[in-house]
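Shown next, in structure tokens, is the structure this report addresses.
The values are calculated or read from the model by the stated rules, or taken from the named source; none is laboratory data. As the structure is a prediction and not an experimental result, all values here were calculated from the model. Glycine gets a Cβ as well: all are built from the backbone with ideal geometry, and neighbour counts include every protein chain shown. With ligands, DNA and RNA removed, areas are computed over all heavy atoms of the protein, side chains included. Shrake-Rupley method; radii C 1.70, N 1.55, O 1.52, S 1.80 Å.
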Amino acid sequence: MKKTIKWSCCLLALLQFSTGTTRVMADSFKETSVEKMSQPATKNQKEKGDQTTWQLITSLGEKAREIAQEEDLYASVMLAQAILESNSGQSQLSQAPYYNLFGVKGQGASFKTLEEDSQGKMYTTQTTFKKYNNYEDSLGDYVKLIKNGIIGDKNFYQGSWKTKAENYRAATRFLTGRYATDHKYHEKLNQLIEDYELTHYDHKQTLVSEKADYIRPLDAFKLTSKYGKRNDSFHRGVDLAAPQGTKIKASREGKVTRAAFHPSWGNYVTVQHSDGLTTLYAHCEKINVEVGQLIEQGEKIASVGSTGHSTGPHLHFEVNRSQNLEKEQLLDPVEVLEEEVFE
């Protein structure tokens, strides 16, 4: 097996790297290993990278869930590989008109690559990569590879299937040395799965929870302001003080309808639920979801912050009958959440 191949489009000075090894099932195809160069990232670069990663997850997540359920695979592993291999969809090869998320070689697009031989020496070569019509086609072709194996060994990737691997960690461990020569490949995939809570996609999507109750959005907090009249103003929700960066959970399953910045609320998220109610989570340090994303009860949607009009780290939490967040349709969150939440 080759060790590592680094690829780019045309100019090596403009290399865009990703990590992993992709195998294909035709005689004209060869295995590829791609590795991302690590450079210290600025805060803006990290924020931009995180945003593009969530965009990729949102665009692929539900399709990955559907295919994984049908094909006995871990959607979390599929998504982590897509992120790693394509540099969160920012690599040249993963973008239009190629849409090659996994660096699969084949007829379609010619790229200059930088390869590493068995002695660790680098050399350049011209390589052709497969083109797809969209991300969905790229994902589908990857699944065929994992399920059908390589020439001469149709069970080459069988150890990564759900029925063979007891969890996603076992699956990523099996892929290390097979899908990628990088001995830390499984560690990188596991970190992505944990950071972005990709195991959410390993389960069937349910829009209506068997448990009708709303749960508290924070595991631990101090109630610092109640719903209703406050001095000479009206407080639309409840304020829950917690340390900066504390995980904010969806109070119930639903669909993200807003994920934006507001002068007063700061970074905020709204989620519409199947019973018609909408919950709002404000003053977030960081938002971890996008508009249109389907989320489950208890899933991380943001982290506690002090953005907008705020005097310290806390979550401002509202419940509303109206999708437009009309004041007249507000409800007291204490009455909606489980009774013991504020006891």
Divide, for region 163-306, the radius of gyration over alpha carbons by 2.2 N^0.38 Å, where N is the residue count. 1.27
Taking a threshold of 26 Å on the Cα-Cα distance, which of the pairs Lys131/Lys255; Lys130/Lys286; Lys164/Lys188 fall above it? Lys131/Lys255; Lys130/Lys286
Computed magnitude of the charge dipole of region 245-291 (debye, nearest 20; Cβ of K, R +1, Cβ of D, E -1): 80
Counting only DSSP beta bridges with both partners in region 221-326, the antiparallel fraction in percent, to the nearest 5, comes to 100
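Let me spell out the model: positive unit charges on the Cβ of Lys and Arg, negative unit charges on the Cβ of Asp and Glu, origin at the Cα centre of region 238-343. What dipole size does that give, in debye rounded to 20? Walk me through the intermediate numbers first.
Numbers: 9 positive and 16 negative charges, 114 e Å.
Value, rounded to 20: 540 debye.
Roll a 1.4 angstrom probe over the protein heavy atoms and tell me the percent of accessible area of region 84-174 that is carbon or sulfur.
The nonpolar share, carbon plus sulfur, comes to 42 percent.
Using every Cα-Cα pair within region 231-343, state what percent have a distance larger than 18 Å. Don't skip to the end; give the middle numbers.
On the way: 2892 of 6328 pairs.
Cα-Cα pairs of region 231-343 separated by over 18 Å account for 46 percent.
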To the nearest 20 debye, what is the magnitude of the charge dipole of region 212-296 about its Cα centre, counting +1 on the Cβ of each Lys and Arg and -1 on the Cβ of each Asp and Glu? 240
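Work through the residues other than Asn190 whose Cβ is under 12 Å from its Cβ and net out their charges, Lys, Arg +1 and Asp, Glu -1.
Within the 12 Å Cβ shell, the charges total +1.
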Expected sort for 146-156, 160-170, 188-198 on mean C-beta neighbours within 10 Å, highest first, is 188-198, 160-170, 146-156
For region 189-297, with all protein chains present and a 1.4 Å probe, just round the carbon and sulfur fraction of the accessible area to a whole percent. 49
Would you mind getting the accessible area per residue of region 167-280, heavy atoms of the protein chains only, 1.4 Å probe, in Å²? 50
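Could you tell me which of rounded, prolate or oblate describes region 80-208, using a ≥ b ≥ c as the square roots of the eigenvalues of the alpha-carbon gyration tensor, with rounded for a/c under 1.5 and, failing that, prolate when a/b is larger than b/c and oblate otherwise?
Working: a/c = 1.63, a/b = 1.34, b/c = 1.22.
Prolate, since a/c reaches 1.5 and a/b exceeds b/c.
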